[in-house]
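The block underneath contains the structure these notes are about, expressed in structure tokens.
Derivation of every value follows stated rules applied to the coordinates shown; laboratory data play no part. Because the structure is predicted, anything quoted here is derived from the model rather than measured. Backbone-built Cβ (ideal geometry, glycine too); neighbour counts: all protein chains shown.
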Amino acid sequence: MAGADGDDSLYPIAVLIDELRNEDVQLRLNSIKKLSTIALALGVERTRTELLPFLTDTIYDEDEVLLALAEQLGNFTMLVGGPEYVHCLLPPLESLATVEETVVRDKAVESLRKISQEHSPVDLEVHFEPLVKRLASGDWFTSRTSACGLFSVCYPRVSSTVKAEIRQHFRTLCSDDTPMVRRAAASKLGEFAKVLELDYVKSDIISLFTALASDEQDSVRLLAVEACVSIATLLPQEDLETLVMPTLRQAAEDKSWRVRYMVADKFSELQKAVGPEITKNDLVPAFQNLLKDCEAEVRAAAANKVKEFCENLPEDNREQIIMTHILPCVKELVSDTNQHVKSALASVIMGLSTILGKDNTIEHLLPLFLAQLKDECPEVRLNIISNLDCVNEVIGIRQLSQSLLPAIVELAEDAKWRVRLAIIEYMPLLAGQLGVEFFDEKLNTLCMAWLIDHVYAIREAATCNLMKLVEKFGAEWAQNTIVPKVLGMANDPNYLHRMTTLFCINVIVHCCGYPYREITTKQMLPVVLKMSNDQVANVRFNVAKSLQKIGPVLDSNALQTEVKPVLEKLASDTDMDVKYFAQEAISVLALA
Amino acid sequence: MAGVAGGNDFQWCFSQVKGAIDEDVAEADIISTVEFNYSGELLATGDKGGRVVIFQHEQESKNRPHLRGEYNVYSTFQSHEPEFDYLKSLEIEEKINKIRWLPQQNAAHFLLSTNDKTIKLWKISERDKRAEGYNLKDEDGRLRDPFRITSLRVPVLMPMDLMVEASPRRIFANAHTYHINSISVNSDHETYLSADDLRINLWHLEITDRSFNIVDIKPANMEELTEVITAAECHPHQCNVFVYSSSKGTIRLCDMRAAALCDRHSKFFEEPEDPSSRSFFSEIISSISDVKFSHSGRYMMTRDYLSVKVWDLNMENRPVETYQVHEYLRSKLCSLYENDCIFDKFECCWNEWHSQVLYLFAIMTGSYNNFFRMFDRNTRRDITLEASRESSKPRATLKPRKVSTGGKRKKDEISVDSLDFNKKILHTAWHPKDNVIAVAATNNLYIFQDKIN
């Protein structure tokens, strides 16, 4: 080897450093992801004085490179010499916190938050807090939005004068000219409130919250709803009525549907935050209004929360509130004009039965379930069917089966294959709930019909469904009900159906496994072997693939005398693929 | 300033002209949109060849003090390429229909550009440093022996000549079945809308794979189609309000707070038709080709074939002001129909300038024969100016032009019959803070500035 003074351990590092500027993004990205290796080789001193200044100015790069860089720098403390020098990481992260790409900025802020914890209280005031101030008073809104996420991490650890400054900066950003910054401030309001002293929450935060909640832009107002949850959690119960509720009531009746949507979407959180008394007096009527809102998006969001809201009502008069206030609204939603609303409701309505008990369910909810099972929109019916288990526990599924069956049959024959696919996926669940007799009597034919559907995705799902059914009902059931029908398809004139036979055999063998070697050898193997003479090559190579799967279950005699000759014949087939798979099977089964 | 549209002490003078002088104009070079950014520092043009050219305002200095209206090329890039939709067997032109700047968010500048189908977000940024020093190469680019590396070199950043880069940041595709006629950035700074003939979509600037359809006027049966959307714009301050104009000369104002779908408008602006002037061409010439909110958001302006109308958002039954752009063409509509000029889409733009005592409103829009018109809303004066090579001497004052309407043609007047209908000014832009205007005349971009005596 040449170069006695050379150090070949440096070579890979040298490549990594050079590739930081490679024209290929993938190589640059690769180098950035190994930044810690580079830093380790350079040592803490050179990392601080050379590598970091270089990185600070590399913000021209592609987003994914910058994202990786922002992430790396969050874990760099030890590589620059430990907590004592952690502030060296601030300049590159500061420049990353001002780029236009939100994901990169957010990651830079996340890393800044992380390393803020590694600053000593002194460093926090000397280095970190000035950075926050710089960002907060930056010319461009990108830097000011980033600042919003940093207040809460430094506030608890600085002196009271600095605290006052931080509060002032946050206040300024809450009334910033650009909606982007006000939105960033509104979304961090709750988090900032959590680290503030209670007195300041009451004096500062509440006024900011009220102002943001009545901002001229609805995109800002809707974020205040989220803050409402955290603020309400912080305040003592007696203050909620005066400090939070006026704003919340206003939001629930906001002119903009997006704000009302947000209230509906956060309803369970709000309910928990304000406690049972306010829930009873305020939230119940508000919830009723949201369920009757003129905008379908809002109704759908509220409908989604029906179960959760009812569950969390105070138990002492839960039933009464549901029966007199909520249920009438729910009844109306069942015949809503918008299908998204109905389908949102259908996905949760079954959950009410556990809350209301057997009698109420039979008397009040059952008619609604039945109506939804007959809904014109397949998604509504599917959502009801997918949640059958809740009702089964309370009243037993028999109550529903009369309506259930026509609904299932109709979905099973829906013209849209995605609908058929969805109902197939619920078959194993239904089979479990309804029991084997009901299944054999009513649903088995459907399952078999899907096997010859004209859409491949359906046939595939039907095959997979068979596997799940066999797992549920056992191998004996498979032998009696499934296997004869599947094997019958081997003579179908359509080669796609003949292939389905093979696919089904693959999964049945997989499920029944070794103990049921008998079925495999006696019933299925002959059929598979016979199909090796099929005129369609696709069928023949699938025979080879099937034999490869069946092989391990068979005894060596059958393998040698029956399988081997067939595979050997297939291995000399005129078709290339058939040959390939036959040879593969021979080598896997070690028959060579 | 006593009125930008003429007056004793106010005149417009020539500042610059961009583009080739050749009589022979390449189709690809025809300018299809002009737009100043928010500060007026940059001026973007798009052309039929799919290119975007950005001009930057020349910095004034002590020895060159009169550079208010001087712009130099800052960046040129190919925004759109011609495409072919194989499913519909349809050619997609690369022509840039609209450019809209985004409010500045950091040192870089961003703009949206669109052709008929695809909207793109571009970043225009500067770079003045370059990294130097490799481990495996020496200064001349020769490879070093990898086994002779004795120490590691970290690249150092060195200053270099300023380089301006334009990079595509996002591509918003596959959302429009018909031709996109407008894009407009919302005042919430995070969404924008795009309108085609029948639908308006709302996009988030950071999300390209999803947009919300907020207006859809496509009838179930296309034979029942009676009107199309011609332009749409977001309100400058209220993020929930937008307007769209139609080929029937009406404007609908929608409030996104009311419902997720804005099929039902909250205001409907329409001027009752004068039955006496009804003709075969009435519907064609009443079609609105452009709609723009005033900076305050209190008014909006619409351009139809022969006039510009100013509407107060609080009055739906008629415009507050109507300005005739080229009324003399009313008798020529038949021949303008035959040569298709009647379907030209003229745009219009506002100027709002105010001091503590004055509040000036002016309007600019284009006409034929390379004429463009200005209307002063305070003084009600109007002026016709011409963008031509003949008067393109530095700081030459623009002479008002007159078209003779009566039988007798006075001196300095041009007869209607000698107007050149191939020279049309469709796109103009007014500097947001200064009396500097950009006028696109076919393949040339003229820049004029005011001259106060």
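Tabulated data
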| read-out | value |
| --- | --- |
| Proxy reagent accessibility, fewest Cβ within 10 Å first, across A:LEU243, B:LEU136, A:LEU223 | B:LEU136, A:LEU243, A:LEU223 |
| For A:285-298, mean number of other protein chain Cβ atoms within 10 Å | 1 |
| Likely footprinting exposure, B:TYR299, B:TYR337, fewest C-beta neighbours within 10 Å first | B:TYR337, B:TYR299 |
| Cysteines, chain B, no other Cys beta-carbon under 4.7 Å | B:CYS13, B:CYS234, B:CYS239, B:CYS334, B:CYS341, B:CYS348, B:CYS349 |
| Over 24 Å (Cα to Cα) - which of A:LYS188/A:LYS342; B:LYS123/B:LYS451; B:LYS88/B:LYS117 fall in this group | A:LYS188/A:LYS342; B:LYS123/B:LYS451 |
| Percent RCO, i.e. relative contact order, over chain B, from Cα pairs under 8 Å lying at least 6 residues apart | 16 percent |
| Too-long pairs where the Cα-Cα distance tops 27 Å, listed order kept, from A:LYS114/A:LYS272; B:LYS399/B:LYS433; B:LYS120/B:LYS218; A:LYS416/A:LYS545; A:LYS107/A:LYS163 | A:LYS114/A:LYS272; A:LYS416/A:LYS545 |
| Protection proxy ranking of A:300-309, A:159-168 - average other beta-carbon atoms within 10 Å, highest first | A:300-309, A:159-168 |
| Alpha-carbon centroids, the range A:263-290 and the range B:244-320: separation in whole Å | 43 Å |
| Ranking of B:GLU41, B:GLU35 by count of other Cβ atoms within 10 Å, fewest first | B:GLU41, B:GLU35 |
| Kirkwood-type radius of the range A:241-311, with distances r between different C-alpha atoms, in Å | 11.9 Å |
| Zero-based 10 Å bins, Cα pair distances in the protein assembly as shown, whole percents | 2, 8, 13, 15, 16, 17, 15, 9, 4, 1, 0, 0 |
| Average beta carbon contacts from partner chains per residue of B:149-161, 10 Å cutoff | 5 |
| ³J(HN,Hα), Karplus 6.51/-1.76/1.60, whole Hz, each residue of the range A:392-406, x for Gly, Pro | 3, 5, 8, 10, x, 7, 4, 4, 9, 4, 4, 8, 4, 4, x |
| Whole-angstrom gap from the range B:359-428 to the range B:74-137, using each part's C-alpha centre | 35 Å |
| Over 23 Å (Cα to Cα) - which of A:LYS530/A:LYS569; B:LYS48/B:LYS345; A:LYS266/A:LYS374; A:LYS280/A:LYS305 fall in this group | A:LYS266/A:LYS374 |
| If the convex hull is drawn through the Cα atoms of the range A:134-252, its volume per residue in Å³ | 86 Å³ |
| Peptide-level mean, for B:105-116, of C-beta atoms on other protein chains within 10 Å | 3 |
| The range A:54-109 and the range A:127-166: distance between their alpha carbon centers, rounded to Å | 17 Å |
| Rg and Dmax [Cα atoms of chain B; Å; Rg one decimal, Dmax integer] | 24.3, 94 |
| More than 18 Å apart - percent of Cα-Cα pairs taken over the range A:423-558 | 52 percent |
| Descending Cα extents along the principal axes, the range A:318-402, whole Å | 29, 29, 16 |
| Relative frequency of Cα-Cα separations exceeding 48 Å in chain A, percent | 44 percent |
| Hydrodynamic radius of the range A:76-123 per Kirkwood, over alpha carbon pairs, in Å | 11.0 Å |
| Expected 222 nm ellipticity per residue - DSSP helices of 4 or more, -39500 (n - 2.57), all of the protein assembly as shown, to 500 | -11000 deg cm²/dmol |
